[in-house]
Structures are given as structure tokens and as C-alpha cells.
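The values are calculated or read from the model by the stated rules, or taken from the named source; none is laboratory data. Being a predicted model, the structure only gives us computed values, none of them experimental. Neighbour counts run over all protein chains shown; Cβ positions are idealised from the backbone, glycine included.
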Amino acid sequence: MLVGKRIVFFVLTINLVSCKIQDVQEKGLVTSKAMVVSAHPLASQIGADILKRGGNAMDAAVAVQFALAVVYPDAGNIGGGGFLVFRKHDGTPDALDYREKAPAAAHRNMYLDQNGEVIPNLSRKGHLAAGVPGTVDGMVQAHQKYGSLPWRDLVQPAIFLAENGFPLTKKEAVKLNEEQKDFIKYNTRRPAFFLKKRWEEGDTVVLKDLAKTLGLIRDKGRAGFYEGSTAELIEAEMNRGKGIITQADLANYQSVWRKPITGQVGNLKIISMTPPSSGGIALIQLLTIAQKFPLKEWGWNSVKTAHVLVEAERRVYADRARHLGDPDFYQVPVAGLLDTAYIRKRMTDFSLKKATDSDVVSPGTPAPQENPHTTHYSIIDAQGNAVSVTTTLNSNFGSKVFVGGGGFLLNNEMDDFSAKPGAPNSYGLVGEEANAIAPNKRMLSSMTPTILEKDEKLFMVIGAMGGSTIITTVFQIIMNVVVHDFPMQGAVNAGRFHHQWKPDWILSEWGALGPFTGLGMWLKGHKIAPKTGGIGRAAGILVLPDGRLEGGAEPRGDDAAAGF
Ligand code: GLY
């Protein structure tokens, strides 16, 4: 408790001296027809150009995914995976799971030593951390089902950037400088294109090998990545670095169209990602709990509001740890977890007066199933089609391993499995049987690409990066707009906090809770830890009452909205 006290007073002091006013009333870019919001201005512009040329939201999504793989290599990717949620202009929802899979040679104890202890970093860095990438297959599938422009026109803008170079932003230069040691340590072929004594803002990055790989994808589609020379390069890289992905794993990879998770909370319909992401279920659980409390009256991030959100998050993340995993391998009790009576029952031991100890909060018992460093971008086109995509390599720059000769990074998504029951992953998340490693299984995710309808009309496209904090970031942004009436940009600007059951503390951005709320929370028994560098990075588009679109681009990153 002494440690808890020290932490909270540290946070209070920091809050008092550094509490910069977050402009929660700031309005973002407003356009009349179409918009893209992504983590990089060049990627947003490429997406907006595709929309201007008559491409639809899915065309733009494909072009933005490949552009991010070039200009935002910490999370944009072709060597990773993601989830895409779609809402056609007539309201029909769809969802694409292009999450990575465990290679066929993966097994439950692959990250444990002979004493059964987790070997540090083995699932986080280097060749063994990589799952079989899903991005290229996902983009091919998305384009085949919903695209309208020729495939090659959507890949070409990324090739242009990789071949001719692009200027580094200040934040990207800082990140590349931080990775230099790992790039040397974990690569079997020096990735000269990213090695430099010191990267500066404005330096030009040219990625010739990546341009070549993208050229194969442009010309051959799926076969340009999962077969032929790219597949050979990936297998050769694995052999040099003692990884286990084979050409057969690549040939066997398939992304999957899934029925999105939907839920009605008041006049909002939530359309979000189904397992193997935990995002959709957790978000609907959180919104359902929050709806029962007069949060508007209590005020944004007041002690009572923050306490309710934290207590809801504590219980929802306990459910995540027990019940969620790849539905192709584990019977996830989706209907039980989304049952309103079940969700409300989870709060029966809640007290407005004091924090609950996470050790006494167990996962709930929903009715069993009856039937058998990430980035997000949001798009709305002129016809009203909406796409919400979250894509990732997992940590910043994934496994840190570039495929020699291929010029692209491989993910470290295997760390999203539970290496051992109760052993925390890099986000501190714990898991059990539902998320144990098995060959060809998909690892559980927190990605929450989401589309909201209000009164049956398209209302918001939203999602975020941030590992375990993705869900709570999306949750708080929705609450900021729906309950507290912030504009889209203000809702993204606003300070965030996060609780995930275990470890039992609130992560709080500087200034997010403010000194009085911080003190009030501490008096209720909450422990608070400061989170430097911010929580999550979000990208949102709000449909305004007059039909125009307002962007919410992340001020914590280089994000930008573009549209017309
Ligand atoms: N790799 C982060 C997530 O999928 O939750």
C-alpha cells in the first residue's frame, strides 16, 4: 500500500505541475463527402486520392494498408495481420479476420524452459516470435469481395513511395533511433535501409527491397507473397534465424470472413470485431455497464465516473482472460458474454465507495456457447460505405526481423498467446486454456475496429492501436462523444486511463484524471501508475447531424485526416 501511496502522490504532483489543458472541444477536419484518418499523412492522402478517383472505401482501405507498410513501418505492414470491419451504405455489416496464425510446428510449451518457466523475450523478439502473416491475403480477399478499382492501382502508390523515398517525421526518426540495437541484434542480414548513426526529421528513407516485394504483390496478388520468391525468402530467413515458419505455412494461410459482433446499447448499434479479437465483446460489455450510470451528470473523468469505468474494465478484462480465444479452436461463449443480464450481474459486487481488489474478482460464468505496435485507420466514402481497420505487427517494428532481400518486417504476434497460464505477456495480459498455443491457431487480440450506428444511421467509425489498451481507448472515445458531447477531435484528444484487471492498477496519462480525481480515486483504494508516452492512438470519423464528416486524428502520433 505504501508503494501505491507513493505512486499516487507522484502522479498527483505530476498532474499539478504538468496538467496541460487537453482541448476536448477542438473540432477536427470537416469534409462534406468522404474521409480517411490514419497514422500517417501520406497514407491518409493516398486513401483520399483513391476515393477522389471514384474508388470506394474498400479500395481506399487496401491502398492505405500498403502505404502504411512503407511510411509507418513500426505497425503498418505486409508481414503482420489485422481485422477489418465493414458497413455497406445499405447497412449490411461484414468482418474480415486476417490475423496471423501460429506456424504448424508451434506447440503449447514452445516458450518455456525445462523448468516450465517462460524464457524472457523468446515470444517477443526474433524469428520465433513471428506468426504466419495474414495481411496480403486479407487485402486480396477484401478487394475481391468489395473492391472496384483495379488491384494494381491500389498497390502502386505504396511502391512509388518505397522506390522514390519519403521524408521521416520527427516521431518516426525518434523511433528508428530507439530500434538500432535490436535491428542489428535480431537480423541475420543487416537491414542497411534502416541503419544509421542518427535519424533526423526530414531524412529520406528509400526501401528498394520492399518496393520489389510490393511489385510482386501488385503483379501476382496473393501468389506474390505466399508463393515463389517471397515465400522462399521468408523460409530462408527462418532457417537462418531458427524460426519455424515454412513455405507450407504460407501456402496454407487463409483469412476468414466472419460475422461481426453486434450489440444494441440504447440508440447505438455497435458493429465490431468478433473473436479471435476480444475487442468487440469487451467493448459491448463496457458500454452496457456504463449505460446504467448517470455519467453525464457526474461529469467527464470525475471521481465517480472514473471509478465506474475502472470497475467495469476490471471485470471485463477478467472475462477476457478466461473465456476468449480463437473460435476455430475454442468454444467462446459469445452469446453468454453479451447477454445483458449476465453483464449486469458482473457488477453486483460493485461498490460506489471503494475499489474492488482484482484478486477477489474472478472471471464470470457466462452461459456456454450453444453453437458449436498496431495501427488503426477509418474510412467513409461518398456513397456512405464505411471501413474500420486495425492492423499490426504487435510491438513497435514487430519481431525486429526483416526478411533478408524482402525488405519487410515480420510480426511478433506469438506473444499475444498465453505462453503459460497466468504468465503475463508484453502488455501484462494473462490468459488460460482458451488462448494457449496450438499449431495453426490464431492468437487472441484486443483490436477493436468498430462502426457505430445511431438510430439506424451510420454514426461513427473508430478504432485504435495500443495492445491491451485498445479496448479502453475506443470505449472512452465513444463515451466522450456520446455521453459528454465532445466533438470527434476533442474526444480523441482527451486524456485516457486504463485498467485491465491484472496488474491491479490504473494506468493514467499525465493530466487525464487530474489532481482531484486522482486523490478521490486513491481514497477509494485505487492504485494509479503514470503512463508516459500516452495510451493508445486512435483514428475516428463522426457523421455530423447535417451529414458532413468530422475527423478525429490522433495528436499523440503523426496522424492526419484527409478528404473532400
Ligand atoms: N497485438 C495486439 C493485439 O492484437 O491485441
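SER446: more than 26 Å from VAL37 (Cα to Cα) and either within 16 Å of the ligand (Cβ to nearest atom) or more than 18 Å from the chain's Cα centre (by Cα) (or both), yes or no?
Details: more than 26 Å from VAL37 (Cα to Cα): no; either within 16 Å of the ligand (Cβ to nearest atom) or more than 18 Å from the chain's Cα centre (by Cα) (or both): yes.
No, not satisfied.
Scan THR448, THR469 and give me the residue that is in a helix (DSSP H, G or I) and either closer than 22 Å to MET521 by Cβ or not acidic (Asp, Glu) (or both).
Numbers: THR448 fails: in a helix (DSSP H, G or I).
The conditions single out THR469.
Looking at TYR330, is it over 19 Å from PRO503 (Cα atoms), among the aromatic types (Phe, Trp, Tyr) and assigned to a helix (DSSP H, G or I)? Give the derivation first.
Details: over 19 Å from PRO503 (Cα atoms): yes; among the aromatic types (Phe, Trp, Tyr): yes; assigned to a helix (DSSP H, G or I): no.
It is false that TYR330 is over 19 Å from PRO503 (Cα atoms), among the aromatic types (Phe, Trp, Tyr) and assigned to a helix (DSSP H, G or I).
Name the residues in segment 471-495 that are within 16 Å of the ligand (Cβ to nearest atom) and in contact with a Gly (Cβ under 6 Å, 6 or more places away or on another chain), would you?
Of all residues in segment 471-495, those within 16 Å of the ligand (Cβ to nearest atom) come to 471-475.
Those that are within 16 Å of the ligand (Cβ to nearest atom) and in contact with a Gly (Cβ under 6 Å, 6 or more places away or on another chain): ILE471, THR473.
Going through GLU179, GLU172 one at a time, which residue ends up being among the charged types (D, E, K, R), touching a Phe, Trp or Tyr at 6+ places or on another chain (Cβ under 7 Å) and either surrounded by 15 or more Cβ atoms within 10 Å (Cβ to Cβ) or closer than 23 Å to PRO275 by Cβ (or both)?
On inspection, the qualifying residue turns out to be GLU179.
In segment 397-427, what count of residues is obtained for those that are within 14 Å of the ligand (Cβ to nearest atom), at pLDDT 95 or above and either assigned to a loop (DSSP other than H, G, I, E, B) or β-branched (Val, Ile, Thr) (or both)?
Final tally of qualifying residues: 7.
Specify the residue that is surrounded by the most Cβ atoms within 10 Å (Cβ to Cβ); the eligible residues are those in segment 459-494 that are farther than 17 Å from GLY28 by Cβ and among the small types (Gly, Ala, Ser).
Only one residue tops the list, namely GLY466.
Between GLU232, GLU227, GLU237, which is more than 26 Å from the chain's Cα centre (by Cα), among the charged types (D, E, K, R), crowded, with 21+ Cβ neighbours inside 10 Å and over 23 Å from ILE379 (Cβ atoms)?
GLU237
Condition first: within 16 Å of the ligand (Cβ to nearest atom) and in a helix (DSSP H, G or I). Can you find one or more residues in segment 218-240 that meet it?
No; the residues of segment 218-240 include none that is within 16 Å of the ligand (Cβ to nearest atom) and in a helix (DSSP H, G or I).
For residues that are under 30 Å from LEU207 (Cα atoms) and in contact with a Leu (Cβ under 8 Å, 6 or more places away or on another chain), tally how many sit in segment 406-461.
Selection size over segment 406-461: 11.
Cβ-Cβ distance below 9 Å, separation of 6 or more or different chains: which pairs start in segment 185-212 with a residue that is at positive phi and end on one that is of a type outside the set (Phe, Trp, Tyr)?
Correct list of pairs: GLY202/PRO167; GLY202/LEU168; GLY202/THR169; GLY202/LYS170; GLY202/ALA173.
Name the single residue that is surrounded by the most Cβ atoms within 10 Å (Cβ to Cβ) among those in segment 351-396 being β-branched (Val, Ile, Thr) and within 16 Å of the ligand (Cβ to nearest atom).
THR391
All but one of (1) within 16 Å of the ligand (Cβ to nearest atom); (2) more than 16 Å from the chain's Cα centre (by Cα) hold for HIS498; which doesn't?
(2)
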